[in-house]
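A.B. asks: This is the structure, below, for whatever I ask next.
The values are calculated or read from the model by the stated rules, or taken from the named source; none is laboratory data. Being a predicted model, the structure only gives us computed values, none of them experimental. Here the Cβ is made from the backbone with ideal geometry for all residues, glycine too, and neighbour counts use every protein chain on show.
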Amino acid sequence: MLRTLLLIMLLPLGLFAQSDEKASEILKAVSATHSEYEDIHVTFTYTLENKDAGINDTREGELTMVGSKFRLQLMGQDIYSDGKIVWYVMKEDQEVHIKSIEEFKAETELDPANFFSQYENGYKAKFYGEESQDGKNVNVVDLFPEEPGKKTYSRIRMGIDKSNNHVVFSKTFGKDGTNYLLKVTGMKADAGVADSLFTFSQESFEEDGFDVVDFR
């Protein structure tokens, strides 16, 4: 789930080979806008849907990023990193898993230090059209993996606010009929984020009864 979420959250912020001109211009503007921010905080809803299976489950979440540091809060999990170590805090199970950033990258195929550029290769983009979303004028771009046989999805559809180049929504179309829809409900940039947000206190969690397992 983490891999899918970060993928659809951060995928559009790069340039793509073999993309049509309009799609490239839109994505280039998104990348330029976000690269100027020192920090970003996003609130969102995340929906998993499969019509054939009768599944439609929506959850709320938050994602904060400062350089290579990040913190994701979703579905009772608190996943955060100081850029070197990643902590998976599972509140209901009262358990914490500790992994290196290298292990995180291997498992998710994501590099937090390069959130805005790591997908410059391997995808092509096509302009889909314009539409209105919650009163916003939105450019819609479809992203297609250049090696579709290696992916579990066929395409990702992005909605980008024409007024500020911010992502409005992202929908991943799974090959098994399961789709993932992310809608951004709020975004703040350069608001100032304390380093303590990415700091883990093992002693504090152990005092609260959490089982801390170090996989490094």
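A.B. asks: Kindly list the number of the only condition in (1) within 16 Å of the chain's Cα centre (by Cα); (2) hydrophobic (A, V, I, L, M, F, W, C); (3) modelled with pLDDT under 90 that fails for residue 86.
C.D. replies: (3)
A.B. asks: Take residues that are touching a residue at least 24 places away in the same chain (Cβ under 8 Å) and under 21 Å from residue 204 (Cα atoms) and tell me which of the strands (runs of 3 or more DSSP E) falling wholly in the range 28-92 contain 1 or more.
C.D. replies: Passing ranges, in order: 69-74, 77-81, 85-90.
A.B. asks: Related question: Please go through (1) closer than 18 Å to residue 42 by Cα; (2) at pLDDT 90 or above for residue 67 and return the number of the only condition it doesn't satisfy.
C.D. replies: The single condition residue 67 does not satisfy is (2).
A.B. asks: Looking only at the range 122-136, count every residue that is surrounded by 12 or more Cβ atoms within 10 Å (Cβ to Cβ) and assigned to a strand (DSSP E or B) and tell me the total.
C.D. replies: Of the residues in the range 122-136, 9 are surrounded by 12 or more Cβ atoms within 10 Å (Cβ to Cβ) and assigned to a strand (DSSP E or B).
A.B. asks: Please work out if residue 212 is closer than 29 Å to residue 88 by Cα, among the β-branched types (Val, Ile, Thr) and modelled with pLDDT of 95 or more.
C.D. replies: yes
A.B. asks: Considering only residues that are over 16 Å from residue 80 (Cβ atoms), at pLDDT below 95 and surrounded by 10 or more Cβ atoms within 10 Å (Cβ to Cβ), which ones fall in the range 186-209?
C.D. replies: Matches in the range 186-209: 187, 188, 189, 191.
A.B. asks: Mind checking which residues of the range 150-177 are within 15 Å of residue 49 (Cβ to Cβ) and outside any strand (DSSP E or B)?
C.D. replies: Residues satisfying the conditions are 175, 176, 177.
A.B. asks: Considering only residues that are modelled with pLDDT of 85 or more and under 18 Å from residue 142 (Cβ atoms), look in the range 25-48 and name the one that is surrounded by the most Cβ atoms within 10 Å (Cβ to Cβ).
C.D. replies: Residue satisfying both the conditions and the ranking: 26.
A.B. asks: Need pairs with beta-carbon distance below 7 Å; first residue over 15 Å from residue 172 (Cα atoms) and within the range 120-145, second surrounded by fewer than 20 Cβ atoms within 10 Å (Cβ to Cβ) and among the basic types (Lys, Arg); sequence gap 6+ or separate chains.
C.D. replies: 127/22; 137/162; 138/162; 139/162
For every residue, the table says whether it meets (1) closer than 25 Å to residue 169 by Cα; (2) of a type in the set (Asp, Glu).
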position	(1), (2)
44	yes, no
47	yes, no
60	yes, yes
68	yes, no
80	yes, no
96	no, no
100	no, no
